[in-house]
Amino acid sequence: MIINQKYMKIAVLVKQVIGSESALEISSDQKWIDESNATFVMNPPDNYAIEEAMQIKEKLGDGEVVIVSMGPQRVQKVIREGLSKGADRGIHIETQESKNIDPLEVAKNICHSIEQENFDLILSGLQSDDTGMGQTGVLIGELLNMSTATLAIETDIDQETIKVKRELESGWFQWVTLDSPSSVSIQSGINQPRYPSLKGIMGAKKKEIKVIAASIEDSKQNLDKIFVPQKSKETEVIDTDVDASVDRIVDILRSEIKAF
């Protein structure tokens, strides 16, 4: 990472998700996971976004890192975790209940809450470990008329632009130059996230978390049902001539397996 001296105001989007070690039981309405016995943690990819923001601030020599999260009151735990790693303050967009909200509504609420902050850079993790949609950072960039980039594996910031190395398919990479302000999603593995120090944990308790009420309107995406796929085993012996066998196999692939 090559950076010249510049003050930069950076927002990092973090999400609280159910920990991978929690027992995943479907709720009675089959709309989401039963959270009564779940353990909640910071979305793992977001740790890399926090670390990248902290490295940018430290190498610039000046700046501000703000942790932004949306959800019920319990998400302040992950905001404090970000603050304990060195972020300066937090913004909590509070919802009244725990439910899955579609990425566009999340992006609209975040944009409404941070629009007056005039951030130079918004960083987000690649995607969330629960729904894995990977849309929020891109949507925010579009709604705030920012330049955007995804799958960033390296950043290079100078006085006017942000250069991002993006990971493509088949081992290919691409350098893109973005105008400021920018919204960039960070690929997991770009850095080595730091652990909170004892001093950082104690200091995080005194740092400001601004609470803003969320306004959920008409969601464009909804989860109708969550279920565990049922396993079945069935064997059919196809013992006819070659042409008839091929026709039957194609019919199975098309009608039963729905391979195409």
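Below 8 Å between Cα atoms, with a sequence gap of 6+, how large is the relative contact order for the range 8-213 in percent? Can you show the working numbers first?
Numbers: 438 pairs, mean separation 52.5, N = 206.
Averaging sequence separation for qualifying contacts and normalising by length gives 25 percent for the range 8-213.
How large is ³J(HN,Hα), in whole Hz, for each residue of the range 171-182 in order, when computed from phi with the Karplus curve 6.51 cos²θ - 1.76 cosθ + 1.60 and θ = phi - 60°, using x for Gly and Pro?
x, 8, 10, 9, 8, 10, 10, 10, 7, 8, x, 9
I want the local charge near residue 92. Using Cβ-Cβ distances under 11 Å, sum +1 for each Lys or Arg and -1 for each Asp or Glu among the other residues. Walk me through the numbers on the way to the answer.
Details: positive: 74, 77, 80, 89, 210; negative: 94, 208.
Here the count lands on +3.
Which residues does a label at residue 94 reach in the range 201-223, if reach means a backbone N under 17 Å from a point 7 Å past the Cα toward the Cβ?
207-216
What ³J(HN,Hα) values, in whole Hz, does the Karplus curve 6.51 cos²θ - 1.76 cosθ + 1.60 give for the range 27-39 when θ = phi - 60°, with x put for Gly and Pro?
For the range 27-39, the Karplus curve yields 5, 4, 8, 6, 9, 6, 8, 5, 9, 4, 10, 7, 9 Hz.
Of the residues 87, 244, 49, which exhibits the maximal mean-square fluctuation in a Gaussian network model of the chain defined by a 10 Å Cα contact cut-off?
244
If packing is taken as the average count of other Cβ atoms within 10 Å, what order do 205-215, 122-132 fall into, highest mean first?
Averaged packing, sorted descending, gives the order 122-132, 205-215.
7 Å from Cα along Cα→Cβ at both residue 232 and residue 116: what's the point-to-point distance in nm?
According to this spin-label approximation, the distance is 5.8 nm.
Excluding residue 27 itself, what net charge comes from residues whose Cβ is under 9 Å from its Cβ, given Lys and Arg +1 and Asp and Glu -1?
-3
Are there any GluC sites (Glu not before Pro) in the range 229-260 that are in a DSSP loop and have at most 14 other Cβ atoms within 10 Å? List them by number.
Details: sites: 234, 236, 256; in loops: 234, 236.
Passing both the DSSP loop test and the Cβ count: 234, 236.
Can you list residues whose amide H is under 5 Å from residue 183's amide H, if they're 5+ apart or on another chain and H is modeled 1.01 Å from N?
Counting only residues 5 or more places away or on other chains, the set is 122, 147, 148, 149.
Provide the per-residue ³J(HN,Hα) series for the range 210-219, in order, calculated from phi with Karplus coefficients 6.51, -1.76, 1.60 and θ = phi - 60°, each as a whole number of Hz, with x at glycine and proline positions.
Whole-Hz 3J(HN,Hα) from phi for the range 210-219: 7, 9, 10, 6, 6, 10, 8, 9, 8, 5.
From the square roots a ≥ b ≥ c of the eigenvalues of the alpha-carbon gyration tensor of the range 219-260, which class results: rounded (a/c under 1.5), prolate (a/b over b/c), or oblate?
oblate
Looking at the chain, do any whole DSSP H helices span at least 15 angstrom along their long axis by alpha carbon and average -1.0 or above on Kyte-Doolittle, and which?
What comes out of the filter, once short or polar helices are dropped, is 44-60, 103-114.
Can you put 24, 121 in order, fewest other beta carbons within 10 Å first?
Working: 24 12, 121 24.
In order of increasing Cβ crowding within 10 Å: 24, 121.
In terms of modelled amide H atoms, which long-range or inter-chain residues lie less than 5 Å from the amide H of residue 22?
Here the answer is 39, since their amide H atoms fall under 5 Å of that of residue 22.
Got a sec? How would 112, 92 order by Cβ neighbour count within 10 Å, fewest to most?
Listing 112, 92 from fewest to most nearby Cβ atoms yields 112, 92.
Restricting to DSSP loop positions (anything but H, G, I, E, B) with no more than 10 other Cβ atoms inside 10 Å of their own Cβ, which chymotrypsin sites (Phe, Trp or Tyr not before Pro) remain in the range 123-186?
172
Net charge within 15 Å of residue 143 by Cβ-Cβ distance, Lys/Arg positive one each and Asp/Glu negative one each, not counting residue 143 itself?
-4
Could you tell me the center-to-center distance, by alpha carbons, between the range 187-234 and the range 111-175 in angstrom?
That distance is 17 Å.
Cut-off is 10 Å between beta-carbons; in what order do 233, 199 appear when sorted fewest neighbours first?
Neighbour counts put them in this order, fewest first: 233, 199.
Loop only per DSSP, at most 11 neighbouring Cβ atoms within 10 Å: give me the GluC sites (Glu not before Pro) in the range 1-72, ordered by residue number.
Numbers: sites: 21, 25, 35, 51, 52, 58, 64; in loops: 21, 25, 35.
Those that pass, being in a loop and sparsely packed, are 21.
According to the square roots a ≥ b ≥ c of the eigenvalues of the Cα gyration tensor, what is the shape class of the chain, taking rounded for a/c under 1.5, prolate for a/b larger than b/c otherwise, and oblate for the remainder?
prolate
Coordinate-derived values only; no laboratory data. The shown structure was predicted, so the numbers you read here are calculated from the model rather than taken from an experiment. Here the Cβ is made from the backbone with ideal geometry for all residues, glycine too, and neighbour counts use every protein chain on show.
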